[in-house]
Amino acid sequence: LQDQTKNTTKESAMAKLFASESAVRICDRAMQIHGGYGYSRDLPIERYLRDAKLCEIGEGTSQVQRLVIARHVLKEAKPLKLAHREPRGPNI
């Protein structure tokens, strides 16, 4: 899309939201699988979870990404809504 000089803000926000939340979910499950060892520094899992949480928070939190996505979706839907509006006749 960027090669076609199109705005990729919505798609970028969607990708960041999906990737960061998926990473946190996967790391959390890995810690659960390993039990107490998952929290120790003997395994890299605890560091992966910290890094994943930083991705979720850094450069726009997940909530900010959701707002960016919603704003773009609503902006795209507004012209559609106006295009499908029924013409109104004179008031009687």
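What follows draws every value from the coordinates through simple rules; no lab data is involved. Since the model is a prediction, treat every value here as computed from it, not as a measurement. When we count neighbours, we look across all protein chains shown, and the Cβ atoms used for this are built from the backbone with ideal geometry, even at glycine.
Structure summary
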item	result
Proximal lysine pairs, segment 2-82, alpha carbons under 21 Å, eight or more residues apart or interchain	8
Taking Lys10, Lys53 and counting other C-beta atoms within 10 Å, the order from fewest to most	Lys53, Lys10
Principal axis dimensions, largest first and in whole angstrom, of segment 1-73 by Cα	47, 24, 18
Neighbourhood charge, 15 Å Cβ-Cβ cut-off, centred on Gln32 and excluding it, Lys, Arg +1 and Asp, Glu -1	0
